[in-house]
Amino acid sequence: MSLGLIALRPARQDDAMALALIHEEAWRGTYRGILGGVELERMISRRGPRWWRTALSRGVRIQMLEVAGTPAGYATYGRSRMRELPFEGEIYELYIRPDHQGLGFGTELFHATQRALDRAYLSGLAVRVLSDNAEAVRFYRQRGGQALMTTREQIASSTLELTIFGWFADTPQ
């Protein structure tokens, strides 16, 4: 799908380097101060181009955002991993490069990913977000997500709180 200067499309093998760079920039901008520096760098280093090529070859669904021909964000999505909740779809990750944040691109990517889940006949949507990530919490609330519950997860050597947001199948989009 193309909206003038914005293109939203499935990621391809040749996007692996761009995905790695977006991941690196977004994670440093988002999780610095939430995760310890060494842990953060270790987690970033695991997601290089080879990791992304492998993910794509295994069929991981990735929606790519380009702005004026430049890769600016991505979302990974698929069947919900939270079987106890009444949502079939889940956005696993949604990241925008820091220099493209706050301009509406995240909203475009979010809605495009919702539509992709609908086309895959996965009704309802869940998203897990670190509760300390105030920007993400605000982002999902502003898009109509209901904070349904919190849980704790071990991430590296830290135990962190996650908020689970949900959009029921009958929620207007």
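The values are calculated or read from the model by the stated rules, or taken from the named source; none is laboratory data. Computed from a predicted model, the values in this text were never measured in an experiment. Cβ coordinates were reconstructed from backbone atoms using ideal geometry, including for glycine residues, and neighbour counts include every protein chain displayed. All accessible areas refer to the heavy atoms of the entire protein, side chains included, with ligands and DNA or RNA removed. Shrake-Rupley method; radii C 1.70, N 1.55, O 1.52, S 1.80 Å.
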Picking from 5, 73, 120, whose Cα lies most toward the positive end of the charge dipole for region 1-121 (charges on Cβ: Lys, Arg +1; Asp, Glu -1)?
-> 120
How do 15, 132, 99 stack up against each other in accessible area, from largest to smallest, with a 1.4 angstrom probe?
-> 132, 99, 15
Area of residue 81 that stays accessible when all protein chains are in place (1.4 Å probe, Å², to 10) = 130 Å²
Using only the Cα atoms of the chain, what do you get for the radius of gyration and for Dmax, in Å?
-> 15.5, 44
Give me the Kirkwood hydrodynamic radius of region 43-123 in Å, from all C-alpha pairs, to one decimal place?
-> 13.7 Å
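Leaving out ligands, DNA and RNA, and with a 1.4 Å probe, what % of the accessible surface on region 37-164 is carbon or sulfur? Don't skip to the answer; put the middle values down first.
Details: 3090 of 6590 Å².
Solvent-exposed carbon and sulfur of region 37-164 make up 47 percent of the total.
For region 30-173, with every protein chain kept in place, what is the accessible area per residue (1.4 Å probe, Å²)? Before the final figure, lay out each step's value.
On the way: 7540 Å² over 144 residues.
Accessible area per residue: 52 Å².
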